Amino acid sequence: MSSVQSDVKCEQCGFPEAWEVFDCGTNEWTVDCPRCGYHESWKHESYFSNGHLERGVNEVLYSAGAYCAKDLETGIKKHGGLPETEVEEVAAKMRDDIASGKLSPESYVPRYNFDTHEVTELVGQVPSGDEAQAEKGRNPMTP
């Protein structure tokens with residue numbers, strides 16, 4: 001199976017490097033934002049429903065926060081969105097896990113404000129897009 005991945009602008013927070021992935025084998029497409037937790041998925045399915053031909057199933061999940069947990073032993077990162085009821089609890093647990101050495105200091109938890117559209121760091125340093133934009137504009141041949 002093959003897939004195509006690219007960066008897109010997040011529909012929820014505007015982060016320019018949300019991940020868009022299209023799986024060529026299953027015809028599934030997803031967008032995930034590591035900054036605010038926004039998730040969108042679409043799957044191509046042809047079936048009849050109430051006498052109409054349906055062509056796809058779309059799911060959008062708006063998140064009140066996100067998490068990125070990097071395991072110190074394996075180096076594996078886990079990302080996901082969080083509902084409002086879990087943001088503070090996950091942030092507290094992540095603070096403890098970073099302090100105890102279970103998680104890398106690169107781990108983070110932000111909160112997304114739906115009214116102001118701002119992302120607030122609760123734990124760690126949340127990607128802003130500025131670093132990657134500067135890197136993209138830099139000549140790779142210069143130190």
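Values quoted throughout were computed directly from the atomic coordinates according to the rules given, and no laboratory measurement underlies them. These figures come from a predicted structure and were not determined experimentally. Cβ: placed from backbone, ideal geometry, glycine included. Neighbour counts: every protein chain shown.
Would it be correct to say that E106 is within 17 Å of the chain's Cα centre (by Cα), part of a loop (DSSP other than H, G, I, E, B) and surrounded by fewer than 18 Cβ atoms within 10 Å (Cβ to Cβ)? Give the derivation first.
On the way: within 17 Å of the chain's Cα centre (by Cα): yes; part of a loop (DSSP other than H, G, I, E, B): yes; surrounded by fewer than 18 Cβ atoms within 10 Å (Cβ to Cβ): yes.
It is true that E106 is within 17 Å of the chain's Cα centre (by Cα), part of a loop (DSSP other than H, G, I, E, B) and surrounded by fewer than 18 Cβ atoms within 10 Å (Cβ to Cβ).
Contact list please: Cβ distance under 6 Å, first residue in region 1-21 and part of a loop (DSSP other than H, G, I, E, B), second residue among the aliphatic types (A, V, I, L, M), pairs at least six apart or on different chains.
Note: pairs meeting the criteria are C10/A18; C13/V119; E17/A132.
Could you list, in sequence order, all residues of region 60-103 that are polar (S, T, N, Q) and not in a loop (DSSP other than H, G, I, E, B)? Reasoning before the result, please.
Filtering region 60-103 down to residues polar (S, T, N, Q) leaves 63, 74, 85, 100.
The answer is T85, and nothing else.
Of everything in region 22-45, what is outside any strand (DSSP E or B) and without any contact (Cβ under 8 Å) to a residue 24 or more places away in the chain? Give them in sequence order.
Step one: list which residues in region 22-45 are outside any strand (DSSP E or B), which gives 24-27, 33-38.
Selection gives C24, N27.
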